[in-house]
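Each remark here refers to the structure printed beneath this line.
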């Protein structure tokens with residue numbers, strides 16, 4: 001029997017009833033039960049104060065941000081490439097109100113907590129935080145990441161000037177990563193509308 005990726009199936013008798021918990025990962029359920037992957041991925045969703053400590057710890061923190069409304073292969077490849085630039089990847093997700101301000105009243109398709117959970121489930125993502133402003137400027141100032149990654153639909157010149165100033169102030173290396181041609185949320189929505 002196949003289960004959706006969201007679930008981890010535990011077959012009857014496969015595990016002992018006294019399975020220990022490890023770190024922040026909850027104890028495994030008794031045999032025959034189903035554990036939700038959300039229990040594990042939600043440990044990656046955190047607030048900005050703990051993320052500033054990660055950046056200050058000497059680990060090369062890669063920071064990116066966006067709406068990530070309908071996750072597609074372009075997002076996944078971009079996030080994998082971003083993660084390869086450092087020791088940990090933080091994805092800052094626009095809150096619902098900021099997505100509406102940036103993309104229009106029909107967006108987001110998925111709520112902020114759902115989008116954060118989906119991103120946290122990706123192996124290449126180490127941390128996720130939700131921010132509620134249109135720009136990520138204040139979060140950059142607080143976290144001070146070593147590397148800032150953005151997709152190839154941007155250039156350093158097209159990034160918000162205040163964000164760029166905050167990144168330069170923090171000493172962040174700005175990296176623009178290549179796009180996957182033809183893969184975008186807008187293209188996906190347009191294709192769905194034509195169906």
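In plain terms, the residue of 68, 131, 63 with the fewest other Cβ atoms within 10 Å comes first and the most crowded comes last, giving 131, 68, 63. Note that region 30-172 shows a convex hull volume over its alpha carbon atoms of 126 Å³ per residue. Taking the alpha carbon gyration tensor of region 102-195, multiplying each eigenvalue by 5 and rooting it gives semi-axes of 25, 17, 14 Å, largest first. Take every pair of alpha-carbon atoms less than 8 Å apart whose residues are at least six positions apart; their mean separation over the length of region 74-149 yields a relative contact order of 39 percent. Suppose R0 equals 35 Å; then what is the FRET efficiency for residue 187 and residue 50 from their Cβ-Cβ distance, rounded to the nearest 0.05? According to the calculation, E is roughly 0.50. Counting other Cβ atoms within 10 Å as a rough exposure proxy, the listed residues 103, 44, 191 run 191, 103, 44 from fewest neighbours to most.
Bear in mind these aren't lab numbers, they're just calculated from the coordinates by the rules spelled out. On a predicted model such as this, the values are computed, not experimentally measured, just so you know. For neighbour counting, all protein chains shown are included, and Cβ atoms are generated from backbone atoms with ideal geometry for every residue, glycine included.
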